[in-house]
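What follows is a set of notes on a single structure, which appears directly below.
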Ligand code: FSX
Ligand code: SF4
Ligand code: F3S
């Protein structure tokens, strides 16, 4: 094409090819895979192999689907039309009622043992499951029926992973996560909403390699949930230097200081939010980036359970000297997991804990900043793990 004038179609097609290659490179990087993986992903997705997906909705706000709708790499239409065959989805389906249920059963029969089952929302299990019925079946019956012949079951969002918002006390409908009902293997992709790229990367890993990615002890993909939010947070230098916002809107808060003393759960929450971001809207688009403390939405027992004002437990924190680059260069062979192991040296953790205790005690005061007329409500330093 050197020196030639491109037609509109050629230009669009070149742009979409570039966007596709960029997307595959992004998936490989998110998964922490080496350079060869990028080629494998390009080849597999380019070959047009589209697994059938059955997507169920139970007790939820549909935010999981909404967050998929605003993803641009790929846009949802590309996901539906080119990467997977979305054969049943109550929110996005044109059909409804009897017609939709017939489609679901037909797809499950035609793709027996090969389709992916995505479950969004908690399962209301109280009183025999009578609080959630679709097409005459309870959520419990539907889940068991659809999971039985699935190649893999993905619990998408915190509600499906461990109950999430609908399971908060007093939980009158007895909401629980998928793995309380379906006793076969389940992959949890928590978050409220979950990051769409963690879901897409899991599906693409499955399409490319015929198996799911490695999982942690809570059956979450390690590529997304093996690092604390606190490890990659852009406000971390402020934490390390004892600069904390004392209250919303004070000078520390306006200056981008650490939100730990406003209840940020980043030090006890595992997720890749600071590096993957949300909504394809550019830098800073994640809760802490916008000035709100992390509420620990990916973490069972923290999100929606631990009060927002409560201070986070300071987990095993690495020294800044051991921080990996947020996006690892391709082909260097250093994955997310190996970086986590490298960062997990006991001596480093002890050193970091001592530094943390010191800095939390020091606490630069927000009111020392110019134009601040608020009082510093910093609390005494909590005990740190050693
Ligand atoms: Fe739950 Fe998904 Fe939170 Fe909402 O549907 S994970 S309430 S964002 O959307 O299930
Ligand atoms: Fe970031 Fe929260 Fe950690 Fe502060 S406590 S560095 S805001 S994750
Ligand atoms: Fe949730 Fe905290 Fe990420 S609130 S979206 S885990 S920053």
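Quick look at the numbers
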read-out: Single match in 271, 251 (criterion: away from ligand 1 (no atom under 16 Å from the Cβ) and in contact (Cβ under 8 Å) with a residue 40 or more places away in the chain); value: 251
read-out: Selection from the stretch 300-313 of residues that are touching a helix residue (DSSP H, G or I) at 6+ places or on another chain (Cβ under 7 Å) and either free of Cβ contacts under 8 Å to residues at least 24 places away in the same chain or more than 10 Å from ligand 2 (Cβ to nearest atom) (or both); value: 300, 302, 303, 304, 313
read-out: Residue within the stretch 166-188 that is closer than 26 Å to residue 201 by Cα, in contact (Cβ under 8 Å) with a residue 60 or more places away in the chain and assigned by TED's automatic domain parsing to the domain that holds residue 105 present; value: no
read-out: Output for the stretch 258-274, where each listed residue is more than 9 Å from ligand 2 (Cβ to nearest atom), assigned to a helix (DSSP H, G or I) and surrounded by 22 or more Cβ atoms within 10 Å (Cβ to Cβ); value: 273
read-out: Every residue from the stretch 247-257 that is more than 13 Å from ligand 2 (Cβ to nearest atom) and surrounded by 15 or more Cβ atoms within 10 Å (Cβ to Cβ); value: 247, 250, 251, 254
read-out: Pick from the stretch 56-67, criterion assigned to a helix (DSSP H, G or I) and within 15 Å of ligand 3 (Cβ to nearest atom), ranking: surrounded by the fewest Cβ atoms within 10 Å (Cβ to Cβ); value: 66
read-out: Search result, residues across the stretch 296-310 that are within 13 Å of ligand 1 (Cβ to nearest atom) and farther than 16 Å from residue 226 by Cα; value: 303, 304
read-out: All positions within the stretch 285-299 that are in contact (Cβ under 8 Å) with a residue 24 or more places away in the chain and either outside the structural domain of residue 254 (by TED's automatic domain parsing) or surrounded by fewer than 18 Cβ atoms within 10 Å (Cβ to Cβ) (or both); value: 291, 292
read-out: Positions within the stretch 132-164 being surrounded by 16 or more Cβ atoms within 10 Å (Cβ to Cβ), in contact with a strand residue (DSSP E or B) (Cβ under 8 Å, 6 or more places away or on another chain) and in a helix (DSSP H, G or I), in sequence order; value: 139, 140, 142, 143, 146, 147, 159, 160, 161, 162
read-out: Output for the stretch 228-257, where each listed residue is under 30 Å from residue 204 (Cβ atoms), in contact with a helix residue (DSSP H, G or I) (Cβ under 6 Å, 6 or more places away or on another chain) and at pLDDT below 95; value: 232
read-out: Test: residue 199 is within 16 Å of ligand 1 (Cβ to nearest atom) and either over 30 Å from residue 115 (Cβ atoms) or part of a helix (DSSP H, G or I) (or both); value: yes
read-out: Considering residues of the stretch 220-248 that are part of a loop (DSSP other than H, G, I, E, B) and touching a strand residue (DSSP E or B) at 6+ places or on another chain (Cβ under 6 Å) only, the residue farthest from ligand 1 (Cβ to nearest atom); value: 242
read-out: Condition check for residue 313: away from ligand 1 (no atom under 16 Å from the Cβ) and modelled with pLDDT of 80 or more; value: yes
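The values are calculated or read from the model by the stated rules, or taken from the named source; none is laboratory data. All figures in this text were calculated on a predicted structure; none of them were measured in a lab. Neighbour counts are summed over all protein chains in view; Cβ atoms, including those assigned to glycine, are modelled from backbone coordinates with ideal geometry.
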